[in-house]
Amino acid sequence: MIDTETIDSYFGSLDYMPIGAFVLREDYVVLFWNSTLEHWTGIRRDEIVSTDIGDRFPHFKTPVYAGRLESIFQGGPPTVFSSQLHKHIIPSTLPGGRPRVQHTIVTASRTLSGDNIHAVFAIQDVSDLSRRVHDYAVLSKKLKESNEDLEAFTYSVSHDLRAPLRAIVGFSKILFQKFADDIPESAHRYLDIIRDSALELSDLIDDLLRLSRVGRADLEKQTINTKEFVNISFKELAHEYEGRNVEITVADDLPECEADPTLFRQVLVNLLGNAIKYTGCQDIARIEVGCEQSGNETAFFVKDNGAGFDGKYAHKVFGVFQRLHTSDEYEGTGVGLAIVKRVIDKHGGRIWAEGETNKGATFYFTLEEKRL
Amino acid sequence: MMTIANPVEILLVEDNYRDEELALLSLDEYNLANKVEVVRDGEEALDFIFRRGAYADRDPSNPKLILLDLKLPKVDGLEVLREIRSNPETKNVPVVVLTSSKEDQDIKECYELKVNSYIVKPVDFDQFTKSVKELGFYWVLLNEPPPK
């Protein structure tokens with residue numbers, strides 16, 4: 001007969017733990033069965049204690065289990081029945097009807113009544129975790145598939161979408177060259193419109209591909225000489241402000257920054273390019289690049305005295321295809337600032353804009369998360 | 001005018017017939033258009049290059065230039081380039097990739113396969129014409145091809 005009182009007082013602390021716990025004697029007789037297991041299985045302690053575990057759960061007598069329990073009863077080291085291989089050591093179901101996934105550790109305990117060694121089973125319910133691992137695997141598979149779709153889509157756009165445009169531009173030009181005498185003067189304008197529209201669409205495709213490339217690019221941060229990058233970017237844009245009166249000021253104290261050089265260059269070219277474009281109507285265009293320190297955060301800025309924008313639309317300037325000016329006033333595809341924002345986001349920084357109609361615009365950005 | 005011994009100076013691998021016409025118009029500015037053989041997909045290109053199928057009886061000399069599109073039916077341009085480069089008979093033939101794609105991946109792979117030049121087809125006609133006719137001029141009239 002088993003002295004349940006002694007045993008309960010000894011293992012009682014296991015009763016209230018959020019794990020399933022039971023104790024086996026060398027002869028596979030159950031000595032203790034905690035309330036968590038009662039709850040999981042519906043088997044009460046007084047029903048199962050003093051019975052052979054194999055009566056209800058025959059798998060304990062199979063070589064896989066018996067072999068390892070033998071070693072425990074010899075006083076061997078703790079053994080694990082992992083959730084991957086032994087999911088359901090004490091089969092039970094969750095409220096939704098799915099099986100409860102279990103991770104079990106068995107340890108030898110010799111402290112009760114002298115020489116006898118008992119096996120103490122501690123069973124963790126890892127159903128949630130294993131469901132999440134499963135969900136995660138499903139999600140990452142889906143993500144992989146949709147990335148592949150996107151790659152294929154981009155590839156096709158990159159290769160196929162420009163060819164028809166080339167034909168439109170090319171053949172309207174050939175039409176014009178070969179039949180110039182037969183085409184009335186008034187129709188020349190229409191041919192120009194066809195050509196310009198196709199070229200515009202081609203620019204749009206280029207910009208969209210650039211945007212998607214920024215999204216897919218791996219970030220390779222380096223220490224950047226900001227001032228040098230600004231100067232190079234201005235040089236790259238020189239053809240856009242040739243013959244105009246442009247005053248460029250670049251602050252001497254621009255600090256170095258940590259950024260991906262290719263992407264950072266893209267940010268500068270887009271921001272400076274915008275400043276150049278939107279100051280097109282000023283007698284003297286003034287473009288200033290500087291930085292402001294606030295706490296330990298450095299915000300770079302590009303400021304111009306151009307067309308600016310109505311401050312109440314400041315939140316819209318970074319959206320894809322969002323334009324605050326008509327393309328008659330200023331050319332553009334509405335993708336440039338979206339690219340800038342995506343690069344800044346990738347760096348963990350922030351970007352924001354201030355502006356006033358006809359009084360210029362200032363674009364601020366940081367390149368790392370604000371440290372508190 | 002140079003005397004031209006080789007009946008086919010340029011192999012143009014192009015599946016888009018409008019691009020083909022634009023390319024031929026451009027090459028014609030240096031009277032090169034009649035020295036061009038046009039094939040429509042990668043398989044035909046390989047048949048021509050390695051004198052198989054319909055091209056089994058062609059003149060055995062290599063073209064002075066292969067203008068190769070990347071996205072092609074049946075066998076893509078990269079595969080065509082790979083086969084050209086891995087055959088001792090053709091490994092030195094100048095190949096210029098002429099494609100719409102500016103994807104870094106495409107450019108990188110082509111250079112790894114030792115392409116001689118990678119040209120992105122401009123959408124603008126004037127630029128397109130200029131690129132193609134200069135390509136033709138350079139590789140066919142100016143450049144000394146690898147010895148037979």
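Out of the residues in the range B:90-112 that are in contact (Cβ under 8 Å) with a residue 24 or more places away in the chain and farther than 22 Å from A:E151 by Cα, state the one that is farthest from the other protein chains (Cβ to nearest Cβ).
Filtering the range B:90-112 for residues that are in contact (Cβ under 8 Å) with a residue 24 or more places away in the chain and farther than 22 Å from A:E151 by Cα, the one farthest from the other protein chains (Cβ to nearest Cβ) comes out as B:N92.
For residues that are over 25 Å from A:G348 (Cα atoms) and either in contact with a strand residue (DSSP E or B) (Cβ under 7 Å, 6 or more places away or on another chain) or without any contact (Cβ under 8 Å) to a residue 40 or more places away in the chain (or both), tally how many sit in the range A:295-311.
First, pick out the residues of the range A:295-311 that are over 25 Å from A:G348 (Cα atoms): A:304-310.
This time we only want the ones that are either in contact with a strand residue (DSSP E or B) (Cβ under 7 Å, 6 or more places away or on another chain) or without any contact (Cβ under 8 Å) to a residue 40 or more places away in the chain (or both), so: A:304-306, A:308-309.
Summing the residues that are over 25 Å from A:G348 (Cα atoms) and either in contact with a strand residue (DSSP E or B) (Cβ under 7 Å, 6 or more places away or on another chain) or without any contact (Cβ under 8 Å) to a residue 40 or more places away in the chain (or both) in the range A:295-311 gives 5.
Is it the case that A:E5 is surrounded by 13 or more Cβ atoms within 10 Å (Cβ to Cβ) and either part of a helix (DSSP H, G or I) or of a type in the set (A, V, I, L, M) (or both)? Steps first, answer last, please.
Working: surrounded by 13 or more Cβ atoms within 10 Å (Cβ to Cβ): no; either part of a helix (DSSP H, G or I) or of a type in the set (A, V, I, L, M) (or both): yes.
So A:E5 does not fit the description; no.
Picking from B:L22, B:L32, B:L68, which residue would you name as being within 14 Å of the chain's Cα centre (by Cα) and within 14 Å of another protein chain (Cβ to nearest Cβ)? So that I can check it myself, show each step before the final result.
On the way: B:L22 fails: within 14 Å of the chain's Cα centre (by Cα); B:L32 fails: within 14 Å of another protein chain (Cβ to nearest Cβ).
Being within 14 Å of the chain's Cα centre (by Cα) and within 14 Å of another protein chain (Cβ to nearest Cβ) holds for just one of B:L22, B:L32, B:L68, which is B:L68.
Being more than 30 Å from A:L208 (Cβ to Cβ) and surrounded by 16 or more Cβ atoms within 10 Å (Cβ to Cβ) is the filter here, so list the residues in the range A:274-293 that pass it. Walk me through it before giving the result.
Narrowing the range A:274-293 to residues more than 30 Å from A:L208 (Cβ to Cβ): A:282-284, A:286, A:288, A:290-293.
Passing the criteria: A:Q282, A:R286, A:E288, A:G290, A:C291.
Residues to consider are B:E37, B:E43; find the one that is more than 30 Å from A:I193 (Cβ to Cβ), more than 14 Å from chain A (Cβ to nearest Cβ), in a helix (DSSP H, G or I) and not basic (K, R). Before the answer, list the steps.
Details: B:E37 fails: in a helix (DSSP H, G or I).
Only one candidate qualifies: B:E43.
Say we look at the range B:92-148 and pick out the residues that are among the basic types (K, R) and over 15 Å from B:L11 (Cα atoms); which of these is surrounded by the most Cβ atoms within 10 Å (Cβ to Cβ)?
Going residue by residue through the range B:92-148, those that are among the basic types (K, R) are B:102, B:108, B:114, B:121, B:130, B:133, B:148.
Cutting the leftovers down to over 15 Å from B:L11 (Cα atoms) gives us B:102, B:108, B:114, B:121, B:130, B:148.
Values: B:K102: 16, B:K108: 11, B:K114: 13, B:K121: 21, B:K130: 14, B:K148: 7.
Top of the filtered list is B:K121.
Just name the residue that is farthest from the other protein chains (Cβ to nearest Cβ) out of those in the range A:173-232 that are among the hydroxyl-bearing types (S, T, Y) and free of Cβ contacts under 8 Å to residues at least 40 places away in the same chain.
Just the residues of the range A:173-232 that are among the hydroxyl-bearing types (S, T, Y), to begin with: A:186, A:190, A:197, A:202, A:212, A:223, A:226.
Keeping just the survivors that are free of Cβ contacts under 8 Å to residues at least 40 places away in the same chain gives A:186, A:190, A:197, A:223.
On the way: A:S186: 22, A:Y190: 16, A:S197: 12, A:T223: 24 Å.
My answer is A:T223.
Can you tell me which residue within the range A:70-91, out of those that are farther than 30 Å from A:H134 by Cβ and surrounded by 17 or more Cβ atoms within 10 Å (Cβ to Cβ), is nearest to the chain's Cα centre (by Cα)?
Taking the range A:70-91 as the starting set, the residues that turn out to be farther than 30 Å from A:H134 by Cβ are A:70-77.
Add one more test, that the residue is surrounded by 17 or more Cβ atoms within 10 Å (Cβ to Cβ), and what stays is A:72-73.
Working: A:I72: 46, A:F73: 50 Å.
Out of the qualifying residues, it is A:I72.
Does A:D252 fit the bill of being in contact (Cβ under 8 Å) with a residue 60 or more places away in the chain and of a type in the set (D, E)? Break it down stepwise before answering.
Working: in contact (Cβ under 8 Å) with a residue 60 or more places away in the chain: no; of a type in the set (D, E): yes.
Criteria not met by A:D252.
If you take the residues of the range A:215-246 that are of a type in the set (S, T, Y) and over 16 Å from A:G280 (Cβ atoms), which of them is surrounded by the fewest Cβ atoms within 10 Å (Cβ to Cβ)? Even if it seems obvious, please write down each step before you answer.
Start the filter on the range A:215-246 by keeping residues that are of a type in the set (S, T, Y), which leaves A:223, A:226, A:233, A:241.
Right, trim to over 16 Å from A:G280 (Cβ atoms) and you get A:223, A:226, A:233.
Details: A:T223: 10, A:T226: 22, A:S233: 20.
Within the range A:215-246, the match that is surrounded by the fewest Cβ atoms within 10 Å (Cβ to Cβ) is A:T223.
Can you pull out the residues in the range A:247-273 that are outside any helix (DSSP H, G or I), surrounded by fewer than 20 Cβ atoms within 10 Å (Cβ to Cβ) and not small (G, A, S)? Give the steps one after another, and end with the answer.
Taking the range A:247-273 as the starting set, the residues that turn out to be outside any helix (DSSP H, G or I) are A:247-260.
Remaining after also requiring surrounded by fewer than 20 Cβ atoms within 10 Å (Cβ to Cβ): A:247-256, A:258.
Selection gives A:E247, A:I248, A:T249, A:V250, A:D252, A:D253, A:L254, A:P255, A:E256, A:E258.
Every number here is computed from the coordinates shown, using simple stated rules; none is lab data. Model, not experiment: these values are computed from the prediction. Cβ atoms come from the backbone with ideal geometry, glycine included; neighbour counts cover every protein chain shown.
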